[in-house]
Amino acid sequence: MSESNLSSFISTNYFNLRSAANSSNPVSKSSTKKSKRNQRSPTTSNNWTFKKRTLQASQTIWEDRERSSSNSRYLMNRSMASRTTTSLSRYSTNTSLIGPSVDCVLCCIYEVPRDVSTRIGLCIINCNTGQLFLSDFMDSQIYIRVVHKLQIYQPTEILIPSNSLTPTVSKLATMIKFNVSETVKIEEGSRKCFNSQDGLAAIEKYLLDDTKKDLKIEELIDKSFALCAASAAISYMEEIISKNTRNLNAFRKLRIQFEGTENTMLIDSKTVRGLELVENKLDKNGISLWKFLDSTSTKMGQRSLRNNILQPLTDKESIEMRLEALVELEDNDDLLQNLRLEMKSLPDLDKLFSRLLCVNQAAIKPDQRINYVLLLKETLQSVKSLKTILNNETIKSRLIGETNKIFNNDANIEIEKLINEYINEDCVWATSTMELLNQRSFAVKSDSNGLLDVSRQIYKEVKDEFFHEVENLSSDHKINLDHNYDSARGFYLRIKRQDFTDNIAALPDIFISRTTKKNYIECTTLGIIKKNARLKEVMEEILLLSEETVDDLLDKIASHISELFMIAEAIAILDLVCSFAFNLKKNSYTIPTFANNLLIQDSRHPLLEKIIDNFVPNSISSTKNSSSLQIITGCNMSGKSVYLKQVALISIMAQMGSGISARYGSFPIFKRLHARVCNDTMELTSSNFGFEMKEMAYFLDDINEDTLLILDELGRGSSVADGFCVSLAVTEHLLRTGATVFLSTHFQDIPKIMSKKPAVSHLHMDAVVLNDKSIKMNYHLTQKSVQIENSGIKVVDKIFSPNIIEEAYNIHSLLKIAKARIRNQNLDDVIDENTINQMKRIHNLVAIVHECVKNEKEPLTLEKLREINSEFIEKFEG
């Protein structure tokens with residue numbers, strides 16, 4: 001997202017700058033006629049049919065399961081972030097206000113199956129937060145972007161056109177099947193449901209901002225595929241809400257956002273799993289990059305962190321705005337700590353504010369509406385505290401400055417004034433039945449409604465009569481009487497059993513409806529029953545008048561819904577940046593810069609450096625002319641996989657606007673990231689090599705010069721001849737794409753052949769053989785390729801018996817003699833290779849000096865120049 005002006009960003013991307021809150025138009029039910037296909041189904045009464053099929057031509061079974069709360073991945077696990085206990089902790093856990101623990105996320109995907117193009121329309125509706133996301137884009141032949149969107153939003157139900165399933169299953173439907181959980185429902189609808197004109201009308205109906213509606217409708221007119229998806233998604237949402245079987249809220253308006261694909265990096269789903277970006281492959285509760293970096297203070301910031309890991313920014317200005325804020329927070333520790341401490345008290349604002357989007361505030365239970373208003377008031381007070389913290393500082397960062405402008409919006413003061421105008425300022429949060437009753441009775445100010453004041457006076461008089469009668473009964477019968485209240489019985493009497501040792505039958509006849517409990521005897525009298533009936537009548541009248549007043553207050557607050565959502569978005573971004581700043585100081589990270597080449601000094605794996613003592617850092621240098629394709633070789637367990645993963649992870653962190661685990665880092669902007677790292681979980685029907693080639697084919701047509709590609713152990717799992725041929729051909733193809741490629745391989749001939757090409761660099765993980773023939777791994781990357789003879793045998797020396805190891809050495813000796821007989825070494829080639837390597841190092845030196853000269857934050861000093869010169873001389877003759 002572009003953050004050059006945060007308030008402008010929100011007004012551009014969220015179609016909700018001003019609420020038509022007073023509009024109480026009910027959500028219309030879908031009136032689309034049933035298709036003939038659906039009419040044939042005796043159990044279906046609408047345009048959607050749940051299809052139990054595997055999306056394979058030969059099978060027709062998919063189990064219909066409701067998604068359980070343990071499978072909800074869209075709501076964040078509270079253990080991921082350390083939360084301080086605050087006065088508002090009760091608000092964060094109150095599901096009656098914030099909403100259910102599991103989201104209902106609808107995803108509608110529209111395609112034309114027999115069309116040659118792969119244009120896709122996408123509509124996502126979060127039925128818990130009232131958000132609607134639209135996308136319209138051209139995808140690859142294997143629908144990488146669709147799978148990426150499913151990975152991000154994790155829908156509970158997916159809607160597709162019926163012609164994507166019949167008469168033949170489309171490629172898109174097949175890709176969906178293989179990339180979603182079995183618990184996700186797949187619904188199909190008739191083609192009539194996917195209508196762009198109906199979609200445009202539905203968007204117009206649910207848009208929040210009336211003043212800019214024409215501009216936003218004009219922006220969407222040519223997004224016909226997205227509108228088709230929106231038509232079906234909204235129609236389906238209205239139908240399931242009208243049935244009232246899932247406890248979903250009917251929205252009068254939705255927060256609508258159109259998402260382009262040009263401002264974020266594409267990371268395919270297999271890369272997300274392979275790099276363990278949001279979930280550990282082996283243990284769902286294990287560490288991942290998301291869990292490791294999660295130092296956020298709010299649920300909004302936590303969700304924003306996850307989205308930024310899956311979709312790093314590609315807009316350089318937006319990234320640099322975050323880094324600018326990072327520098328300011330790093331230099332002002334008091335500001336950072338005060339902001340984080342204040343944000344910890346905030347509830348989930350996205351869910352809190354979305355309650356106001358529902359028809360007649362139906363998402364807020366009547367007995368919780370005062371609590372809801374109090375929670376809004378507490379939230380605004382926290383926002384006021386954030387505003388005070390920022391106003392007391394001289395803010396230089398544009399991002400934090402725009403955030404503060406939103407906090408200083410006059411609408412915040414107006415909402416607080418409205419609440420104080422209607423609600424008594426001494427009103428407090430209520431939990432028990434009695435507290436809720438008193439709150440609903442007396443929270444509204446006395447001068448807001450004359451009839452309410454009269455009813456309250458009557459209620460007070462009847463209660464006083466009840467208390468007086470309890471005193472008289474206690475005095476007349478010499479019994480220590482207590483009283484209690486519940487919603488079913490009203491007021492009733494209690495006698496402690498220790499105070500009344502006689503049998504319950506010994507109670508005077510005036511005490512009726514006697515019940516013996518563990519510590520009390522409960523009873524009542526006819527007089528009390530009559531007073532309860534009178535109290536109930538008066539209370540119903542009080543509650544009716546109070547609810548009318550509170551509903552009027554909520555309607556007025558809802559007129560400022562756009563400003564409230566702007567606050568939520570601003571806090572999410574502020575929390576995200578504060579989290580980055582906290583990690584920067586805690587983990588000794590460096591702020592990255594952005595240029596044309598990838599240059600990282602002393603890079604460290606962000607997760608493993610905290611687990612492994614004395615972690616060995618490695619520098620990374622990739623330039624277009626001399627080292628855009630890097631081939632890494634080395635022994636087994638020498639650290640190749642760790643090095644490759646840290647290249648990808650550090651690049652993601654940099655484009656998120658986070659600090660990086662390195663001494664210095666300069667990055668190009670990558671628009672795609674594909675990584676295939678070693679994974680023992682292979683398909684049961686595929687050989688290791690076949691599975692790897694499938695993985696390669698998955699993204700080969702999606703690579704260009706803006707792609708970062710990571711390949712671990714290229715050509716593993718096949719015969720030497722076949723694996724070598726295919727791996728060399730793939731490497732040649734990758735070189736022609738111009739992408740930035742890091743790959744490791746055990747085929748020693750691949751770097752020998754490819755390293756003579758101008759843009760190829762061969763690096764080696766250093767290791768030495770000790771006196772006992774064991775191998776010591778140095779985990780350090782060098783440009784000197786020293787092949788350790790029998791490295792594989794030495795690694796397993798202590799695993800197998802001495803006889804097996806000795807036989808392995810003998811076989812190796814025989815193979816070595818045979819190879820020497822047929823090999824004809826060419827010394828001219830060796831000389832030529834050395835010359836080529838020296839030329840590459842000269843090109844690399846020029847690129848490094850050029851980047852240093854352009855770096856305004858760290859000017860090129862004489863000392864730095866000498867360091868570069870010494871390093872160049874040391875490696876030049878190597």
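The figures follow:
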{"read-out": "Tally of residues being under 22 Å from LYS253 (Cβ atoms) and small (Gly, Ala, Ser) across the stretch 125-173", "value": "2"}
{"read-out": "Subset of the stretch 183-201 [more than 31 Å from the chain's Cα centre (by Cα) and over 18 Å from GLU238 (Cβ atoms)]", "value": "ARG191"}
{"read-out": "Residue within the stretch 612-621 that is surrounded by 22 or more Cβ atoms within 10 Å (Cβ to Cβ) and in a loop (DSSP other than H, G, I, E, B) present", "value": "no"}
{"read-out": "Test set (1) touching a residue at least 24 places away in the same chain (Cβ under 8 Å); (2) in contact with a helix residue (DSSP H, G or I) (Cβ under 6 Å, 6 or more places away or on another chain); (3) surrounded by fewer than 16 Cβ atoms within 10 Å (Cβ to Cβ) - HIS477 fails condition number", "value": "(2)"}
{"read-out": "Among the residues listed as ALA505, ALA488, the single one being part of a loop (DSSP other than H, G, I, E, B) and either without any contact (Cβ under 8 Å) to a residue 60 or more places away in the chain or of a type in the set (S, T, N, Q) (or both)", "value": "ALA488"}
{"read-out": "Failed item in (1) free of Cβ contacts under 8 Å to residues at least 12 places away in the same chain; (2) within 17 Å of ILE561 (Cα to Cα), with LEU356 passing the rest", "value": "(1)"}
{"read-out": "Selected residue [in a strand (DSSP E or B) and either surrounded by 16 or more Cβ atoms within 10 Å (Cβ to Cβ) or not aliphatic (A, V, I, L, M) (or both)] from ASP482, ASP447", "value": "ASP482"}
{"read-out": "Checklist (1) within 43 Å of the chain's Cα centre (by Cα); (2) modelled with pLDDT of 75 or more applied to GLU858, failing item", "value": "(2)"}
{"read-out": "LYS270 being crowded, with 20+ Cβ neighbours inside 10 Å and either acidic (Asp, Glu) or in contact with an Asp or Glu (Cβ under 6 Å, 6 or more places away or on another chain) (or both)", "value": "no"}
{"read-out": "Selected residue (only one of VAL146, VAL180 is touching a residue at least 24 places away in the same chain (Cβ under 8 Å), within 25 Å of ARG306 (Cβ to Cβ) and either part of a loop (DSSP other than H, G, I, E, B) or over 27 Å from the mean Cα position of the chain (by Cα) (or both))", "value": "VAL180"}
{"read-out": "So ILE652, is it out of contact with any strand residue (DSSP E or B) (no Cβ under 6 Å at 6 or more places or on another chain) and without any contact (Cβ under 8 Å) to a residue 12 or more places away in the chain", "value": "no"}
{"read-out": "Single match in LEU544, LEU564, LEU553 (criterion: over 19 Å from the mean Cα position of the chain (by Cα) and without any contact (Cβ under 8 Å) to a residue 40 or more places away in the chain)", "value": "LEU544"}
{"read-out": "Test: SER588 is within 30 Å of GLN783 (Cβ to Cβ), surrounded by fewer than 23 Cβ atoms within 10 Å (Cβ to Cβ) and in contact with a helix residue (DSSP H, G or I) (Cβ under 8 Å, 6 or more places away or on another chain)", "value": "no"}
{"read-out": "Residue, nearest to PRO592 (Cα to Cα), within the stretch 279-336, restricted to residues that are in contact with a Phe, Trp or Tyr (Cβ under 6 Å, 6 or more places away or on another chain) and crowded, with 17+ Cβ neighbours inside 10 Å", "value": "LEU326"}
{"read-out": "Every residue from the stretch 318-365 that is over 30 Å from PHE251 (Cα atoms) and polar (S, T, N, Q)", "value": "SER318, ASN332, GLN337, ASN338"}
{"read-out": "Out of LEU644, LEU607, LEU649, sole residue that is surrounded by 21 or more Cβ atoms within 10 Å (Cβ to Cβ), touching a Phe, Trp or Tyr at 6+ places or on another chain (Cβ under 9 Å), farther than 30 Å from ASN408 by Cα and not polar (S, T, N, Q)", "value": "LEU644"}
{"read-out": "Selected residue (only one of ASN834, ASN824 is modelled with pLDDT under 70 and surrounded by 10 or more Cβ atoms within 10 Å (Cβ to Cβ))", "value": "ASN834"}
{"read-out": "Residue that is surrounded by the most Cβ atoms within 10 Å (Cβ to Cβ) [pool: residues in the stretch 398-436 that are closer than 20 Å to GLU547 by Cβ and of a type in the set (Ser, Thr, Tyr)]", "value": "TYR422"}
{"read-out": "Answer from SER224, SER196 - the residue that is among the hydroxyl-bearing types (Ser, Thr, Tyr) and surrounded by 20 or more Cβ atoms within 10 Å (Cβ to Cβ)", "value": "SER196"}
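Here's the yes/no breakdown for (1) of a type in the set (Ser, Thr, Tyr); (2) outside the structural domain of GLU465 (by TED's automatic domain parsing); (3) touching a helix residue (DSSP H, G or I) at 6+ places or on another chain (Cβ under 9 Å); (4) assigned to a helix (DSSP H, G or I):
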position	(1), (2), (3), (4)
ALA533	no, no, no, yes
VAL538	no, no, yes, yes
ASP551	no, yes, yes, yes
LYS556	no, yes, yes, yes
GLU569	no, yes, yes, yes
CYS578	no, yes, yes, yes
LEU584	no, yes, yes, yes
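The values are calculated or read from the model by the stated rules, or taken from the named source; none is laboratory data. These figures come from a predicted structure and were not determined experimentally. Cβ atoms come from the backbone with ideal geometry, glycine included; neighbour counts cover every protein chain shown.
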